[in-house]
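Here the structure is laid out as structure tokens; the discussion comes afterwards.
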Amino acid sequence: MNQLAAKKADSRPIPPDQNLLGEFFSEFLDEAAFADFRKAERLVESLKSQGMTVAGYPIVRPADCGRITVTLADVFEASRPHFRTHDQSLTARFEELIGQFHDFCQRIYPGEAMGVRLLRARVRLFMGDAKGVLELVSYHAQRPYALEDNPGHFLQLVELFAQAHLLQGTLADTSMSFIALGRWFAANVRRLSPRRAGIRMAPFVALGRNEPAAPLRSALIRRASQGYLNCLRGRRRPLSFVLAKIQLLWWMLILDQCYRSLTSSGKTGDPFSLTRNPNGRVLVARAMGGIGDLLMMEPGLEANAIRYRQPVDFAIPRKFFPIFEHNPHVNLIDIDGPPIDISTYRRFFNLSQCPATRYESPRVPEIKKGRVETFAQGMQVSRNRLLKQGWRINHFLSTDDEIFCDDFLKRHGIGKAGGGKRPLVGVQPFSRDSYKDHPNIAEMIRAIAKDNDVLIFHHVANGLPEGEGIVTTAGLPLGHSLALVSRIEAMVSVDSAFLHAASAFDVPVVALFGPTDARTLTRHHRRVKTLWRQDNFACVPCWRNEDKACAVSGLRSVSPCMAAIRTDEVLSALGEMLAT
């Protein structure tokens, strides 16, 4: 009986999932790589199932995406033999997984998606799929200004782009000047010296197209790049080996000196050309938001427009156009549109390499400059010029905006302009980063609404107070939401975008601050009262972020220094601001 049962058990079909896993495992040969791959699959599925925070922002953080990218890279490194032989049981499954992961990241964190894209391109290059590499990197390699704050990603993009063209024999047909790229990398990539930049670009300079500009120096760089590559060939004879090493050092010294002489013009130079048009306009690029940062760039943009007596071309994502749509100092360009010919401009300022981040990161928590100033300096606007012009953020409304505001207030019957009798107070309840939020913001809104009409500035209405005299901007276009700021009599806001929008209309603000520096970030406000618990919390401002836990609570979300701000304090401060 037992033998019969055993025979029946042996004859039972193996479950499809187990059979697939067993087959897949046998292909890997490396148990650790298999475990990593299964882990990556589970993590990707888990990320895709995550929802939004109460504020309407993704629960997933960039660091979560970064960990999966590292895991997938480890799988690739451990399984190179299978990729080299184009083992379909592995490569097809890997391509499907990394493709799903890239598409997910692209929707919420394009910067992390770029890291995934680069890994995907590296795998294709390793497998000799030059066409597949170019499908992934060509668009971005031709738009250096559209990459978020990671010039190191652009360096990898260019190398993958060039290597793929080398495999196809088409490198000399590209429009890129690899000498200009070397100069740009030396000026913008941290920890990449002019010598190292020259070495990284040497294979492509030696084999790419001739550089028509600066002929003597370009010819010398091209000759040094060719000499450097020649010295890398193996030599068996002792004398030849020693001479090659001496020559290698010589060519490296020439590359270092040549690129060092070019580096000073690399910060604002064209990555694809050594020349610029001295009579051209000024180009400023910013690949990402947020809305508050873009608003704080306005004084610097305006200063450059006044300085050069013509509007500045500002390349940003189209969804942010309403912030500058009627600004006479700015010409808007869709950063995701056709490639921009940077060589036609006299100046190029790439704010996608965020000057605020570059200034703040090494100085936390001793940050002294506000972002209006750091963004202006990133556009070569001196502090004196900024002070002379003024720090004010200007926002310009159209006649249609004015009509919309009138109709909106009358339709909802809020504010004195809408036929009501009570003051109209704006509230921005949430930041994108939950550690800046106040846990009792709903209670505050209800308390404010007892004596005032309230207009809530947020993109979703879920979870926020409702009732008579409380209206939300959820569902409105960005331009209309910004225009409505001009009609409120005061604003209560956490450290987020509409805090700065209020500044543009001289609306008095009660600003709720905790982990970030209230004095620094409101320096451009002329009518602001900050509620800040620096006197009670010695760690304030800590400048922590969503991925760094609070030193007091150990939590990554709620900040005790924010929770310590009481509703009665907010009401008292609001009364003061309404009375001014």
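The values are calculated or read from the model by the stated rules, or taken from the named source; none is laboratory data. Just so you know, these numbers come straight off a predicted model, no measurement behind them. Methodologically, a virtual Cβ is constructed for each residue, glycine included, from the backbone with ideal geometry; neighbour enumeration extends over all protein chains shown. When the accessible area is computed, the model is the full protein with side chains, heavy atoms only, and any ligands, DNA or RNA have been set aside. Shrake-Rupley method; radii C 1.70, N 1.55, O 1.52, S 1.80 Å.
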- [ ] Go through the residues of segment 512-522 one by one and say whether even a single one is over 26 Å from Glu373 (Cβ atoms) and open to solvent by 20 Å² or more (accessible area, probe 1.4 Å).
- [x] no
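Scan segment 547-562 for residues that are open to solvent by 40 Å² or more (accessible area, probe 1.4 Å) and in contact (Cβ under 8 Å) with a residue 60 or more places away in the chain and jot them down.
Taking segment 547-562 first, the residues open to solvent by 40 Å² or more (accessible area, probe 1.4 Å) are 547-548, 551-558.
Of everything in segment 547-562, those that are open to solvent by 40 Å² or more (accessible area, probe 1.4 Å) and in contact (Cβ under 8 Å) with a residue 60 or more places away in the chain turn out to be Asp547, Arg556, Ser557, Val558.
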Task: Check on Phe505, in contact (Cβ under 8 Å) with a residue 12 or more places away in the chain, within 31 Å of the chain's Cα centre (by Cα), under 26 Å from Met296 (Cβ atoms) and surrounded by 24 or more Cβ atoms within 10 Å (Cβ to Cβ) - done: no
Open item on the list: For segment 293-332: of the residues being under 16 Å from the mean Cα position of the chain (by Cα) and open to solvent by 10 Å² or more (accessible area, probe 1.4 Å), which is nearest to Phe396 (Cα to Cα)?
Closed with: Phe320
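Within the group Arg260, Arg276, which residue is outside any helix (DSSP H, G or I), over 12 Å from Ala202 (Cα atoms) and either open to solvent by 30 Å² or more (accessible area, probe 1.4 Å) or out of contact with any Leu (no Cβ under 7 Å at 6 or more places or on another chain) (or both)? Give the steps one after another, and end with the answer.
Details: Arg260 fails: outside any helix (DSSP H, G or I).
On inspection, the qualifying residue turns out to be Arg276.
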- [ ] Would you be able to say whether some residue in segment 39-50 is of a type in the set (A, V, I, L, M, F, W, C), at pLDDT below 85 and either under 30 Å from Ser493 (Cα atoms) or exposed (fewer than 13 other Cβ atoms within 10 Å of the Cβ) (or both)?
- [x] no
- [ ] Kindly indicate whether any position in segment 160-180 is open to solvent by less than 10 Å² (accessible area, probe 1.4 Å), within 17 Å of the chain's Cα centre (by Cα) and under 26 Å from Phe76 (Cα atoms).
- [x] no
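Would you point out which residue out of Ile445, Ile470 is in contact with an Asp or Glu (Cβ under 8 Å, 6 or more places away or on another chain) and over 18 Å from Met52 (Cβ atoms)?
Numbers: Ile445 fails: in contact with an Asp or Glu (Cβ under 8 Å, 6 or more places away or on another chain).
That would be Ile470, the only listed residue that is in contact with an Asp or Glu (Cβ under 8 Å, 6 or more places away or on another chain) and over 18 Å from Met52 (Cβ atoms).
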Task: Meets criteria (under 19 Å from the mean Cα position of the chain (by Cα) and more than 29 Å from Ala474 (Cβ to Cβ)) for His82 - done: no
Open item on the list: Tell me whether segment 250-257 contains one or more residues that are touching a residue at least 40 places away in the same chain (Cβ under 8 Å) and in a loop (DSSP other than H, G, I, E, B).
Closed with: no
